[in-house]
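Below is one structure, written out as structure tokens; comments come after it.
All of the numbers you see were taken from the coordinates with simple rules; none came from a lab. Given the structure is predicted, the values throughout are model-derived calculations rather than measurements. No Cβ is skipped: glycine too gets one built from the backbone with ideal geometry, and neighbour counts run over all protein chains shown.
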Amino acid sequence: MTEVEFKNIYVSWYNRFKVFATHYVLYESDAENIVQDVFMELYEKKDLLVQPINVVAYLFTCVKNRCLDHLRHKTIENKVFQEMKLSQQMALNLNREALESFDISRLPSNDLDMEKILMDAISSLPEKCKRIFVMNKIEKVKQKDIASRLDISVNTVESQMAIAYKKLKESLKDYLPILILFLINN
């Protein structure tokens, strides 16, 4: 394809493809980026296109596929955003419930009482979970090193830590407001 042929195709089809892409990806700026990328790719390959090919069909296919990729990416992005939003909402609800239900009479009289409450909660964890949690949070051993020492995968360490957090959050929910103060102080 010559430079002149490329320019003619660009002038004739750029706006049409942009309108087509905008219809599907909704935002003109996204459509412009998609169409611009397709034409840039065509320009870079123009010397390789020596055989007779339907360039318009080729461009249409490229724009269509890029729009599909964009929509798939946006769908995944929205799903992750919604999951994060839900997780944040659950955390906010938990915090609100903790503050609403916090009974000042349960306030430990000193750091030792709070430490005992924490240690009791940690002791109530399942054995493997407790061992991993203690190694990571008290002994400050990195998860990768824990996995190596215990001959387990890093994913197992991460899942055991998630279990520990969930169980500790549940067993310490009545102490959450004071626990935050206790941990900040140390």
Query raised in the report: By the gyration tensor of its Cα atoms, with a ≥ b ≥ c the square roots of the eigenvalues, what is the shape of the range 3-80: rounded for a/c under 1.5, prolate for a/b over b/c, or oblate?
Result: prolate
Query raised in the report: Where does each of Ser171, Ser87 land when they are ranked from fewest to most other beta-carbon atoms within 10 angstrom?
Result: Ser87, Ser171
Report summary line: In nm, the gap between the two label points placed 7 Å beyond Cα toward Cβ at Asp113 and Lys64 is 7.2
Query raised in the report: Which order, highest average first, do 56-68, 116-128 follow once you tally other Cβ atoms within 10 Å for each residue and take the mean per peptide?
Result: 56-68, 116-128
**Report entry** Out-of-range pairs (alpha-carbon distance over 29 Å; input Lys74/Lys144; Lys85/Lys169; Lys85/Lys137; Lys79/Lys140)
**Finding:** Lys74/Lys144; Lys79/Lys140
**Report entry** 22 Å Cα-Cα reach of Lys46 towards lysines, excluding residues that sit fewer than 8 places from it in its own chain
**Finding:** Lys7, Lys18, Lys64
Query raised in the report: How much length is gained if the chain between Leu150 and Ile163 is pulled fully straight, taking 0.36 nm per residue apart and subtracting their Cα-Cα distance, in nm to one decimal?
Result: 2.9 nm
